[in-house]
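**Q** I'd like to ask some things about the structure below.
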Amino acid sequence: MKRFITALTLSRILMGPVIFILIILEFFFTSLILMTLSGITDYLDGFLARKYNLTSLHGKILDPIADKILITFSLIAISIYLDSFFIACLSALIISREIWVSGLRDFNSATGNFGATDVTFLAKFKTTFQILTIFLYLIGFSVNNSLIIFLSDWILFIAALITIKTGLDYTQKTNMLGKNS
């Protein structure tokens, strides 16, 4: 079961570049299916790990990395496809926050402040909201519906706000000027 859970997580790492290529090549329905499966694996790996008491440090580290890869590749592809400054800026904010929080996790690990960057409910919601936003874009692309794409733009804006909020929360919990730095 532990290998299955890890395989679910690793599948998201592999899906990121595949979805990127599919969006660029305008295979929107296939990318929509893969994004749906990726969202399911994001839920399922955590659910199974908790249900069977198989949570691990390995999983705690790998799961957020898998999410970041999936979301980063997807947002970059959407920005390229739409050729949109607005989407590119929001994507850059989201990606910057993801890199920043990864750095905070490294810093907190090195300084023994382990709980400061533990995944919070809002951070889990943020990831779900980001995946939902990408999913909506892919629906809009698949059915060629400008209204869905327009609404997705504003949902991405909300996702960016939530993303920034969680980054600020982690930053506040991190003691970067403490005695261990």
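**Q** Identify the residue in segment 68-81 that is open to solvent by 50 Å² or more (accessible area, probe 1.4 Å) and more than 11 Å from the chain's Cα centre (by Cα) and, among all such residues, is nearest to I164 (Cα to Cα).
**A** The selected residue is I76.
**Q** Here's a follow-up. Looking at segment 1-22, which of its residues are under 16 Å from A77 (Cβ atoms) and more than 17 Å from the chain's Cα centre (by Cα)?
**A** I21, L22
**Q** Okay, next question. Go through (1) charged (D, E, K, R); (2) open to solvent by 40 Å² or more (accessible area, probe 1.4 Å); (3) over 11 Å from the mean Cα position of the chain (by Cα) one by one and return the number of the condition K124 breaks.
**A** Status for K124: all satisfied but (3).
**Q** Residue by residue through segment 108-117, note down the ones that are touching a residue at least 60 places away in the same chain (Cβ under 8 Å) and within 30 Å of I134 (Cα to Cα).
**A** Passing the criteria: none in range.
**Q** Another question about this same structure. Checking T55 against (1) hydroxyl-bearing (S, T, Y); (2) touching a Phe, Trp or Tyr at 6+ places or on another chain (Cβ under 8 Å); (3) not in a helix (DSSP H, G or I): exactly one of these is not met. Which one?
**A** Going through the list (1) hydroxyl-bearing (S, T, Y); (2) touching a Phe, Trp or Tyr at 6+ places or on another chain (Cβ under 8 Å); (3) not in a helix (DSSP H, G or I), T55 breaks only (2).
**Q** Just to be sure I understand the filter: pairs with C-beta atoms under 9 Å, separated by 6 or more residues or on different chains, first member in segment 45-64 and farther than 18 Å from S109 by Cα and open to solvent by less than 100 Å² (accessible area, probe 1.4 Å), second member of a type in the set (V, I, T) and at pLDDT below 85. Which pairs pass?
**A** Pairs found: G46/T55; A49/T55.
**Q** Does T6 satisfy the criteria of being open to solvent by 50 Å² or more (accessible area, probe 1.4 Å), not hydrophobic (A, V, I, L, M, F, W, C) and not in a loop (DSSP other than H, G, I, E, B)?
**A** Judged against the criteria, T6 is not a match.
**Q** What are the residue pairs meeting all of these: first residue in segment 26-39, first residue farther than 10 Å from F141 by Cα, second residue among the basic types (K, R), Cβ atoms under 7 Å, and 6 or more apart or on different chains?
**A** Final answer for the pair search is S38/R12.
**Q** With respect to the numbered conditions (1) surrounded by fewer than 16 Cβ atoms within 10 Å (Cβ to Cβ); (2) of a type outside the set (K, R); (3) under 15 Å from the mean Cα position of the chain (by Cα), which one is the sole condition not fulfilled by G112?
**A** G112 satisfies all of (1) surrounded by fewer than 16 Cβ atoms within 10 Å (Cβ to Cβ); (2) of a type outside the set (K, R); (3) under 15 Å from the mean Cα position of the chain (by Cα) except (3).
**Q** Further, regarding this structure: Among S79, S74, S102, S84, which is touching a helix residue (DSSP H, G or I) at 6+ places or on another chain (Cβ under 9 Å), small (G, A, S) and over 19 Å from E26 (Cβ atoms)? Talk me through it step by step, then tell me what you get.
**A** Values: S79 fails: over 19 Å from E26 (Cβ atoms); S74 fails: over 19 Å from E26 (Cβ atoms); S84 fails: over 19 Å from E26 (Cβ atoms).
Step by step, each of S79, S74, S102, S84 is checked, and only S102 is touching a helix residue (DSSP H, G or I) at 6+ places or on another chain (Cβ under 9 Å), small (G, A, S) and over 19 Å from E26 (Cβ atoms).
**Q** Could I ask something else about it? Taking S142 as the residue in question, decide whether it is modelled with pLDDT under 90, open to solvent by 40 Å² or more (accessible area, probe 1.4 Å) and over 13 Å from the mean Cα position of the chain (by Cα).
**A** Details: modelled with pLDDT under 90: no; open to solvent by 40 Å² or more (accessible area, probe 1.4 Å): yes; over 13 Å from the mean Cα position of the chain (by Cα): yes.
So S142 does not fit the description; no.
**Q** For segment 97-149, which positions are in a loop (DSSP other than H, G, I, E, B), under 24 Å from R12 (Cα atoms) and of a type outside the set (V, I, T)?
**A** In the first step, residues of segment 97-149 are kept if they are in a loop (DSSP other than H, G, I, E, B); the result is 112-113, 118-120, 144-145.
Subset that is under 24 Å from R12 (Cα atoms): 118-120.
Passing the criteria: only D118.
The values are calculated or read from the model by the stated rules, or taken from the named source; none is laboratory data. All values reported here derive from a predicted model rather than from experimental measurement. Note that we place each Cβ from the backbone using ideal geometry, even for glycine, and neighbour counts take in every protein chain shown. Heavy atoms of the whole protein, side chains included, go into the accessibility calculation; ligands, DNA and RNA do not. Shrake-Rupley method; radii C 1.70, N 1.55, O 1.52, S 1.80 Å.
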